[in-house]
1. Can you list residues whose amide H is under 5 Å from K37's amide H, if they're 5+ apart or on another chain and H is modeled 1.01 Å from N?
2. Excluding same-chain residues fewer than 8 positions from K37, which aspartates and glutamates have a Cα within less than 16 Å of its Cα?
3. Under the 0.36 nm per residue contour assumption, what length would be gained going from the current alpha-carbon distance of N64 and E163 to full extension?
4. Figure the gain on full extension for S105 and Q82 (residue separation times 0.36 nm, minus the Cα-Cα span) and round it to one decimal in nm.
5. No solvent, one uniform scatterer per C-alpha: report log10 I(q)/I(0) for the stretch 47-187 via the Debye equation at q = 0.08 1/Å, two decimals.
6. Give me the Kirkwood hydrodynamic radius of the stretch 107-187, using the inverse of the mean 1/r over all pairs of distinct Cα atoms, in Å to one decimal.
7. Under 17 Å from the Cα of K128, which lysines turn up, not counting those fewer than eight places away in the same chain?
Amino acid sequence: MDTFLNSNWFRGLVLALAVSVSGFALAACGGDEHEKKTGIVEGERFELGPLEYNVLFTRPLNLNDVEDSEYLVGQPAPDPDQTYIGVFLQAENLDEDEAHALPDSFKLADTAGHTYENLDSTSSYALKPGAEVGPEDVVPALDSTPQVGPIEASMVLFVIDDESLELRPVEFEVEGEDGPASVEVDL
């Protein structure tokens with residue numbers, strides 16, 4: 001009887017050890033990869049590492065509109081089959097000790113797989129990709145032009161093909177420490 005108990009005990013110990021080792025191996029594989037955060041909509045806050053984002057508003061922009069011309073400073077007229085899109089967002093660094101950088105770029109993607117990278121912009125409303133956000137600071141900065149403007153958010157500017165306006169949902173893609181995240185924008 002003692003041999004039977006010892007052999008069952010030994011098998012149980014080996015099985016527990018095997019499960020533990022395989023669990024550690026699985027945890028080690030892909031430890032640097034994160035699952036894409038999806039299902040986020042405009043107005044819903046989401047975190048990527050220490051940065052919290054809120055995409056407030058997205059809309060087409062027109063060079064001939066007085067308000068929109070301030071968002072499109074220095075931009076040429078788009079091609080006849082293209083439209084400027086402004087994605088307006090806020091970001092906050094939740095870290096009380098260290099600054100963290102915004103992503104170097106952002107993308108819009110339609111359901112057909114067309115992707116568009118943000119444009120450089122000299123508008124005073126423009127978000128500066130790659131900019132450092134200080135400990136517990138916000139973007140746009142308090143009392144800045146975009147923060148006191150009509151939308152109270154910084155703009156990420158895109159030019160997209162008109163065809164993509166119909167290939168919805170269009171998603172705003174944000175890279176981050178534990179991202180990326182994809183926000184469904186309302187066009």
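1. Under 5 Å from the amide H of K37: A181, S182.
2. Within the straight-line cut-off, K37 pairs with E47, E52, E171, E173, E175, E177, D178, E184.
3. That works out to 33.5 nm of additional length.
4. Using 0.36 nm per residue and subtracting the Cα-Cα distance, I get 6.3 nm.
5. Log-scaled intensity ratios, in q order: -0.20.
6. Answer for the stretch 107-187: a Kirkwood hydrodynamic radius of 14.1 Å.
7. K107
Just so you know, all these numbers are worked out from the coordinates, no wet-lab data involved. Predicted, not measured: the structure shown is a model, and the values here were computed from it.
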